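Right, one structure below, let's go through it.
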Amino acid sequence: MKRITILGSTGSIGVNTLDVLARHPDKYELIALTANKDIDGLLAQCLAHRPKYAVMADADSAEQLAKRIKQQALDTEVLAGSEALVQVAGLDEVDYVMAAIVGAAGLLPTLAAAQAGKRVLLANKEALVMSGKLFMDTVAQNQAELLPIDSEHNAIFQCMPQCVRGDFGRGLEESGVTGILLTASGGPFRTLPLEALSSVTVEQALAHPNWDMGRKISIDSASMMNKGLELIEACWLFHTRPESIQVVIHPQSVIHSMVQYADGSVLAQLGNPDMRTPIAHALAWPQRMAAGVAPLDLFDLARLDFAPPDLARFPCLRLAGEAMQAGGTATAVLNAANEVAVAEFLHGRIRFTDIAGIIEASLAQIPVREAEDLEAVMQADTEARHYAENLVRDLAA
């Protein structure tokens, strides 16, 4: 019986994780569930799954949840704040931590899980984008297990040789790997005329053709910043550089990524676009278990299409590669500026095309420093957010 904390349980990854766990009650026990402000969602999950702890990042929401938990006579302890998130991520009784909090808010609890030597199921790509070497060093120093949940990185992991899967610090070339093909659907604006991008609506940007995701990730997918963040994540996970990773537009989202080998082989992982597959893979690894996902019907699929990305259409992808090449705190700046810009777009205060402009200006303005410790990372994050917020005010004016 493996015991689990889910960070971000009311989001799409958290909900899918609970679905997979419910199919295997003899193998897994829930210890803690966490959310930000979704009181109704977390209460419903507590009623269904009876965790030992329920954590809300927002203190007022935690107070309301505690009252409703008491009314339901549930034996679940309610905790509040960022310190509580860190606490349940590092509990001695927890074996696995699903890190599914979206954005920079997930960095500290995810890092805490690594420091505590847990199996970290990493769905929060921003934690690795922000802290990079610091995060990977923490995993190694504390003998934690790191398993990627993003469908692309999970696919790459499955296609890598055994020696790389067991040691994320190992270089790829010595293992016969010559490159990574990181697939991308292209999102809802893959074929939209370029001149129309400046006037797209929030609803259009949220309408992903293949995946059902949260609002922030959906906007990132529309701008392909999500793929840029994944490129950075892949560099750290698989100990490689951006020039060894080729982004491939694959609109069907059936091949989740591929790995090229020196002998000419290309290994691919295929499956229906359903996040329960990588979740179940990481939970059961190195074994396999049912995820509730329908088998892939190749005859129904009939065709697979591929194309290179258009960087004029998707400048965020270019900016992510440049930030990774710059190194240091540049990726933390990229992530922070993007989070600010996406939030402002979702609130209708800037245009879709302003997102890339805000990120590019932030990267040009905020000095790149060595990301030698958490303080340096968080300082870059704060500076970038303030600068991006000022840019938004200028645009609004």
Item to complete: Identify the single condition in (1) outside any loop (DSSP other than H, G, I, E, B); (2) over 25 Å from VAL15 (Cα atoms); (3) open to solvent by 30 Å² or more (accessible area, probe 1.4 Å); (4) out of contact with any strand residue (DSSP E or B) (no Cβ under 8 Å at 6 or more places or on another chain) that GLN260 does not satisfy, given that it satisfies every other one.
Response: (4)
Fill in: Residue count for the range 11-46, restricted to those that are in contact with an Asp or Glu (Cβ under 8 Å, 6 or more places away or on another chain) and more than 20 Å from VAL293 (Cα to Cα)
3
Worksheet item: Are any of the residues in the range 357-371 in contact (Cβ under 8 Å) with a residue 60 or more places away in the chain, surrounded by fewer than 24 Cβ atoms within 10 Å (Cβ to Cβ) and either assigned to a loop (DSSP other than H, G, I, E, B) or of a type outside the set (A, V, I, L, M) (or both)?
Response: yes
Fill in: Members of the range 247-268 that are within 19 Å of the chain's Cα centre (by Cα) and not aliphatic (A, V, I, L, M)
SER253, HIS256, SER257
Practice prompt. Please find, within the range 380-395, the residue that is surrounded by the most Cβ atoms within 10 Å (Cβ to Cβ) out of those that are over 23 Å from SER218 (Cβ atoms) and either at pLDDT below 95 or in contact with a Lys or Arg (Cβ under 8 Å, 6 or more places away or on another chain) (or both).
Written response: ALA380
Discussion item. Based on this model, can you work out whether LEU270 counts as among the hydrophobic types (A, V, I, L, M, F, W, C) and either under 30 Å from ASP373 (Cβ atoms) or open to solvent by less than 40 Å² (accessible area, probe 1.4 Å) (or both)?
Written reply: no
Worksheet item: Any idea which of THR10, THR17 is of a type outside the set (Asp, Glu), open to solvent by less than 10 Å² (accessible area, probe 1.4 Å) and at pLDDT 95 or above?
Response: THR17
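Condition check ((1) open to solvent by less than 40 Å² (accessible area, probe 1.4 Å); (2) closer than 17 Å to ILE232 by Cα) across all residues:
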{"position": "HIS281", "(1), (2)": "yes, no"}
{"position": "ALA294", "(1), (2)": "no, no"}
{"position": "ALA302", "(1), (2)": "no, no"}
{"position": "ASP310", "(1), (2)": "no, no"}
{"position": "ALA320", "(1), (2)": "yes, yes"}
{"position": "ALA326", "(1), (2)": "no, yes"}
Fill in: All positions within the range 328-351 that are closer than 14 Å to GLU230 by Cα and either β-branched (Val, Ile, Thr) or surrounded by fewer than 24 Cβ atoms within 10 Å (Cβ to Cβ) (or both)
THR331
Practice prompt. Quick one: which residue in ALA73, ALA22 is among the small types (Gly, Ala, Ser), without any contact (Cβ under 8 Å) to a residue 60 or more places away in the chain, under 27 Å from SER151 (Cα atoms) and out of contact with any strand residue (DSSP E or B) (no Cβ under 8 Å at 6 or more places or on another chain)?
Written response: ALA22
Fill in: Meets criteria (open to solvent by less than 50 Å² (accessible area, probe 1.4 Å), of a type in the set (S, T, N, Q), in contact (Cβ under 8 Å) with a residue 24 or more places away in the chain and part of a helix (DSSP H, G or I)) for THR277
yes
Discussion item. So LYS52 passes all but one of these: (1) in contact with a Ser or Thr (Cβ under 8 Å, 6 or more places away or on another chain); (2) of a type in the set (D, E, K, R); (3) more than 20 Å from LEU121 (Cβ to Cβ). Which condition number does it fail?
Written reply: (3)
Discussion item. Condition first: closer than 27 Å to LEU206 by Cα and not polar (S, T, N, Q). Can you find one or more residues in the range 367-379 that meet it?
Written reply: no
Worksheet item: Among the residues of the range 56-100, which ones are surrounded by fewer than 19 Cβ atoms within 10 Å (Cβ to Cβ), under 21 Å from the mean Cα position of the chain (by Cα) and within 22 Å of VAL20 (Cα to Cα)?
Response: ASP95
Discussion item. So for the range 128-135 (the condition being farther than 24 Å from ALA332 by Cβ, open to solvent by 10 Å² or more (accessible area, probe 1.4 Å) and basic (Lys, Arg)), does at least one residue qualify?
Written reply: no
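The values are calculated or read from the model by the stated rules, or taken from the named source; none is laboratory data. Keep in mind that what you see is a predicted model, and the values were worked out from it rather than measured. Virtual Cβ from ideal backbone geometry, glycine too; neighbours counted across all protein chains shown. Just so you know, the surface numbers come from the protein's heavy atoms only, side chains and all, with ligands and any DNA or RNA stripped out. Shrake-Rupley method; radii C 1.70, N 1.55, O 1.52, S 1.80 Å.
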